[in-house]
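Some notes on the structure that comes next.
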Amino acid sequence: MSWLKRLFIWFRDLNQRKNSDRPATRKRIIEEPPVVYSRIAIVTTPPKGNQLDRQTIYCVVNRQRMKWSIMPCPCGCGDSITLSLQGIHKPHWSLSQTESLRPTLYPSVWRDVGCFSHFWVRDGRVFWCADTGSPPVSSKF
């Protein structure tokens, strides 16, 4: 047997021993949170706080431009959240609709009053951040 073939067999055996020493890998199942916002409603007049549907993010449109997003706070505190969708405002958010017709909001929302909720909305699902309930730190330059 040639030295090259012996070297190949040695590497193969070494690799098989490594793999047999490893514990069986467990599949990590990440459970998706439930859908909180199931649709986007396009409106020309902002709805009042008591008229908000809990499963809807409202997009206020004026002259075919998205201006504002209004939604009930997902924590259940009863407040409504208004976010600017206009690029000229700082900060501003981006609202889009997924293939399942559910809303995605970017970047995260961190309320600086009230419940201090901090969350992401992706495909209608609310992903809570670890610092929810803490007031955001304002950066002053």
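The values are calculated or read from the model by the stated rules, or taken from the named source; none is laboratory data. This is a predicted model, so every value here is computed, not measured. Every residue, glycine as well, gets a Cβ built from its backbone with ideal geometry; the counts of neighbours run over all protein chains shown. Ligands, DNA and RNA are stripped out before the accessible areas are found, and what is left, the full protein with its side chains, is counted by its heavy atoms. Shrake-Rupley method; radii C 1.70, N 1.55, O 1.52, S 1.80 Å.
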Point to revise | Options 139, 134, 84; residue that is at pLDDT 95 or above, among the polar types (S, T, N, Q) and surrounded by fewer than 17 Cβ atoms within 10 Å (Cβ to Cβ) | key: 84
Check your understanding: Out of the range 41-58, which residues are modelled with pLDDT of 95 or more, open to solvent by less than 70 Å² (accessible area, probe 1.4 Å) and farther than 16 Å from residue 84 by Cβ?
Key -> 41, 56
Exercise for review: Mind counting the residues in the range 79-93 that are under 17 Å from the mean Cα position of the chain (by Cα) and either among the basic types (Lys, Arg) or under 16 Å from residue 119 (Cβ atoms) (or both)?
Suggested key: 3
Practice item. Considering only residues that are at pLDDT 95 or above and among the small types (Gly, Ala, Ser), look in the range 87-107 and name the one that is farthest from residue 131 (Cα to Cα). Key: 96
Point to revise | Flag if residue 102 is surrounded by fewer than 18 Cβ atoms within 10 Å (Cβ to Cβ) and under 21 Å from residue 47 (Cα atoms) | key: no
**Study point:** Residues of the range 62-78 satisfying the condition of being surrounded by 15 or more Cβ atoms within 10 Å (Cβ to Cβ) and more than 18 Å from the chain's Cα centre (by Cα)
**Key:** 66, 67, 68
